[in-house]
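**Student:** Got a structure for you, questions after.
No lab work stands behind these numbers, since they all come straight from the coordinates. Nothing here was measured: the structure is a model prediction, and the numbers come from that model. Backbone-built Cβ (ideal geometry, glycine too); neighbour counts: all protein chains shown.
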Amino acid sequence: MRVCGARPGIQLGGSRRGGSPGSRAGVVAWRRRFGRELRRRAARRSGAPTRWVAGVSELYDAIGSRYREFRRPDPRIAVSILRGLGETSSVVNVGAGAGSYEPHDRRVVAVEPSMTMIRQRPRPSAPVVRGSGSALPFRAEAFDASLAILTIHHWPDRAKGLRELRRAARRRVVILTWDPAAPGFWLTDYFPEILDINRVIFPSLETLSRELGRAAIFDVPIPHDCSDGFLGAYWRRPAAYLDASVRSAISTFSKLRDVTDGLSRLARDLISGDWERRYHSVLGAGCIDLGYRLVVAE
């Protein structure tokens with residue numbers, strides 16, 4: 001865990017010459033047209049969801065009912081993602097969930113397997129296809145960029161999904177993920193199983209570079225008041241992890257066998273002051289590096 005101070009933003013994709021990739025009115029009109037086309041396509045499809053769709057859908061249908069309440073996009077992380085997308089004008093967001101971090105200034109199509117997540121997408125938002133990242137229903141190079149935000153660790157056939165991200169993108173693939181070589185942070189002292197699980201399900205950065213081709217990798221420091229409640233978001237707000245509602249929006253907790261002992265020890269240490277004495281070094285930090293990385297493959 002590395003404490004970070006003030007630092008320049010990630011520089012990717014050059015300047016935004018000529019403003020945003022598309023006018024607001026143009027993007028809204030395109031969304032309406034494309035949404036109608038997607039509904040027509042969906043009406044022609046029949047049969048049960050694929051195994052890939054069903055597997056990921058079951059996870060988020062179970063844990064995602066209050067996802068939007070706790071997983072609000074953090075504007076500082078959003079800046080990093082937008083810089084990663086650069087001057088691309090069209091994006092397919094795969095494993096899109098409730099739509100966090102989808103840019104509003106360009107054409108976006110979302111792909112998401114879980115109806116629970118799809119129903120939580122705000123209006124207006126990008127048109128969405130219920131589908132699989134391992135078989136995107138688009139022609140090759142249909143978009144300038146493919147985007148995948150904290151999702152690839154859920155994909156049953158990750159290699160095929162990564163190939164699909166590459167196939168669908170003319171210019172670049174942008175992935176927000178976690179580096180399994182990272183050491184973890186204080187939470188794993190209470191729940192050591194977290195590291196064991198995440199180091200298996202998250203692909204290494206070397207694997208991503210091998211699958212996607214030459215890739216640039218950038219640190220994504222997590223601010224102390226991060227509004228997107230993923231696993232590392234509450235590193236300076238330890239009591240939040242005692243809230244079952246907070247944990248319900250963090251998929252890793254659904255994979256733990258038993259959280260009772262870890263929760264009891266954390267609650268006890270917060271009351272006694274032992275947590276503050278042990279981890280006081282993080283209390284003055286504005287942001288820290290927890291191992292989250294932005295991967296940009298051209």
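**Student:** Net charge near HIS224: determine it from the other residues with C-beta under 12 Å of the C-beta of HIS224, scoring Lys and Arg +1 and Asp and Glu -1.
**Tutor:** Within the 12 Å Cβ shell, the charges total +1.
**Student:** Roughly how many whole Å is it from the C-alpha centroid of region 227-272 to that of region 136-169?
**Tutor:** Going from one Cα centre to the other spans 31 Å.
**Student:** Looking at LEU147, MET117, PRO137, which one has the Cα that reaches farthest to the positive end of the dipole of region 104-147 (charges on Cβ: Lys, Arg +1; Asp, Glu -1)?
**Tutor:** About the Cα centre, the residue reaching furthest to the positive side is MET117.
**Student:** Suppose every K and R has +1 on its Cβ and every D and E has -1 on its Cβ; what is the size of the dipole of region 160-298 about the Cα centre, in Debye to the nearest 20?
**Tutor:** 720
**Student:** Going by C-beta contacts inside 10 Å, put ILE81, ILE271 in order with the fewest on the left.
**Tutor:** Exposure proxy ranking, most exposed first: ILE271, ILE81.
**Student:** Now for a separate question. Calculate, in nm to one decimal, what GLU298 and GLU87 gain on full extension: separation in residues at 0.36 nm each, minus their alpha carbon distance.
**Tutor:** Contour length minus Cα-Cα distance gives 74.7 nm.
**Student:** Starting from the Cα-Cα distance between ARG163 and SER204, subtract it from 0.36 nm times their residue separation and give me the gain in nm to one decimal.
**Tutor:** Taking ARG163 through SER204 to full extension adds about 13.2 nm, to one decimal.
**Student:** Could you give the dipole magnitude of region 58-146 about its Cα centre, charging the beta-carbon of Lys and Arg +1 and that of Asp and Glu -1, in debye to the nearest 20?
**Tutor:** It works out to roughly 280 debye.
**Student:** Order 198-207, 71-80, 165-174 from most to least packed using the mean count of other Cβ atoms within 10 Å.
**Tutor:** 165-174, 71-80, 198-207
**Student:** Which trypsin sites (Lys or Arg not before Pro) in region 200-288 sit in a loop by DSSP (not H, G, I, E or B) and have at most 16 other Cβ atoms within 10 Å of their own Cβ?
**Tutor:** Answer in residue order: ARG214, ARG257.
**Student:** Pop the C-beta distance of ALA216 and ARG139 into the FRET formula with R0 = 30 Å and round what comes out to the nearest 0.05.
**Tutor:** 0.65
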